[in-house]
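Data first, discussion second: the structure below is written as structure tokens.
The values are calculated or read from the model by the stated rules, or taken from the named source; none is laboratory data. None of the values given here were measured: they were computed from a predicted structure. Methodologically, a virtual Cβ is constructed for each residue, glycine included, from the backbone with ideal geometry; neighbour enumeration extends over all protein chains shown.
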Amino acid sequence: MRVFSGLLFAVLLGVTQTGVAQQQLSIATGGTGGVYYPIGGGLAELINRHVDGYGAVAEVTGASVENMGLIHRGDSDLALALADTVYQAYTGTGAFDGRHIPDTRALGSVYPNAVQLVTLADSGITSLQDLKGKRVSVGAPGSGTELNARALLEANGITYDDIRQQRLNFNETADALRDGDIDAGFWSVGPPTSSIMNLAATRNIRLVSFTEDEIARAMEKEAVFAPYTLRAGTYDGVDEDVQTISIPNVLVVHADMSEELAYQITRVMFERVQDLIAVHPAANDTTVEFSLTATPVPLHPGAIRYYEEIGADIPDRLRP
């Protein structure tokens, strides 16, 4: 277990105020402009306060794809990752072809990401097809955003050869849009996200809606995609509902995590969910019902213990 210093929400010393030694857990999240980092930081605080004998820190990472490798290698103890990335890692398909990670286990799904295609209001880009020939950020290398963006584009007949793609993280994408260095950018993140909010505070933005056919084709390509309506008013200047797709975010651990620790973390996440909501409104979707319907890989036995304890109906597909 590694200790990552210099991060918000970090526990910098491996002892409590009473001098009792703690084991330090690392939580792999994403960039500071997304939702993984504050949600991971909020979860770290819950562990620090309510899981005896453990402290936790939130680590800035390249997000989903990188996070699965961190869990597999034992470099992180918990990680947030998009459901399609988690499923591909578990099955050794897609971006993980030849890199099968069968020791992946979930504590549950935390909230859905919305794929958000953002451009400036005066860019002339009003549809997915308008991206052809344009400068487009498809997300940071190794991120779930890039996996989602590429799947959505390819399902609708657009390849990287059709755009001038750049691989930028959320903050870099917002800065590049603000400065006119790109024409559009993808975010796959729980709305609202700070980097888009900050961009909307200084520029007039547009979020591009997808058609029913575009959404249907994306769902045919990726089974974890689902229709999602981004409500009007989520961001300044976005006055109409935006039709897009969503993907669950999964809290992942290694199969060798102790049953008791997995149980305690699952328990505190759901019993103290109001604390997570206070950190970020995306946690309004952190419910047992959402978790058990959205999680794409088997649950850790410790998580199963919690769900059984509260009388939840656990699908057979989630039992190892």
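Of all residue pairs spaced 6 or more apart or on separate chains, those with beta-carbon atoms under 9 Å, a first member in the range 156-171 that is of a type in the set (A, V, I, L, M) and a second member that is at pLDDT below 95 are Leu168/Ala140. Which members of the range 209-227 meet the condition of being out of contact with any helix residue (DSSP H, G or I) (no Cβ under 7 Å at 6 or more places or on another chain) and either within 23 Å of Leu168 (Cβ to Cβ) or outside the structural domain of Ala151 (by TED's automatic domain parsing) (or both)? Result: Ser209, single match.
One residue alone among Ile27, Ile39, Ile47 is buried (at least 22 other Cβ atoms within 10 Å of the Cβ), in the same structural domain as His254 (by TED's automatic domain parsing) and over 26 Å from Asn198 (Cα atoms), and that residue is Ile47. In the range 139-153, the residues that are assigned by TED's automatic domain parsing to the domain that holds Ser195 form Cβ pairs under 8 Å with partners that are surrounded by fewer than 24 Cβ atoms within 10 Å (Cβ to Cβ) and of a type in the set (Ser, Thr, Tyr), at six or more places apart or across chains, as follows: Arg150/Tyr160; Leu153/Thr159; Leu153/Tyr160. Scanning the range 299-320 for residues that are of a type outside the set (D, E, K, R), over 17 Å from Glu260 (Cα atoms) and either touching a strand residue (DSSP E or B) at 6+ places or on another chain (Cβ under 6 Å) or exposed (fewer than 10 other Cβ atoms within 10 Å of the Cβ) (or both) yields a total of 2. The residue that is surrounded by the fewest Cβ atoms within 10 Å (Cβ to Cβ), counting only those in the range 57-96 that are closer than 14 Å to Leu147 by Cβ and touching a Phe, Trp or Tyr at 6+ places or on another chain (Cβ under 6 Å), is Gln88. Of the residues making up the range 157-173, at least one is over 23 Å from Glu240 (Cα atoms), among the basic types (Lys, Arg) and surrounded by fewer than 23 Cβ atoms within 10 Å (Cβ to Cβ). Are any residues in the range 241-277 under 20 Å from Gly190 (Cβ atoms), out of contact with any helix residue (DSSP H, G or I) (no Cβ under 8 Å at 6 or more places or on another chain) and at pLDDT 95 or above, and if so, which ones? Correct list: Asp241, Val242, Gln274. For Gly124, the conditions (1) farther than 23 Å from Thr229 by Cα; (2) assigned to a loop (DSSP other than H, G, I, E, B); (3) without any contact (Cβ under 8 Å) to a residue 12 or more places away in the chain all hold with the exception of (1). If the condition is being outside any strand (DSSP E or B) and closer than 15 Å to Leu251 by Cβ, then the range 82-110 contributes Ala83, Thr85, Val86, Tyr87, Ala89, Tyr90. In summary, Thr202 fulfils each of the numbered conditions (1) modelled with pLDDT of 95 or more; (2) within 22 Å of Thr173 (Cα to Cα); (3) touching a Phe, Trp or Tyr at 6+ places or on another chain (Cβ under 6 Å) with the single exception of condition (3). Just one of the listed residues (Asp285, Asp236, Asp275, Asp313) is under 15 Å from the mean Cα position of the chain (by Cα), at negative phi and not basic (Lys, Arg), and it is Asp285. Contact map, the range 188-204: first residue within 27 Å of Pro227 (Cβ to Cβ), second residue among the basic types (Lys, Arg) and assigned to a helix (DSSP H, G or I), Cβ cut-off under 9 Å, separation 6 or more or different chains; pairs are Leu199/Arg178.
Restricting attention to the range 97-132 and to residues that are surrounded by 15 or more Cβ atoms within 10 Å (Cβ to Cβ) and of a type in the set (Ser, Thr, Tyr), the residue that is farthest from Phe270 (Cα to Cα) turns out to be Ser123. Just for the range 171-220: of the residues that are among the basic types (Lys, Arg) and outside any loop (DSSP other than H, G, I, E, B), which one is nearest to Val118 (Cα to Cα)? Residue satisfying both the conditions and the ranking: Arg206.
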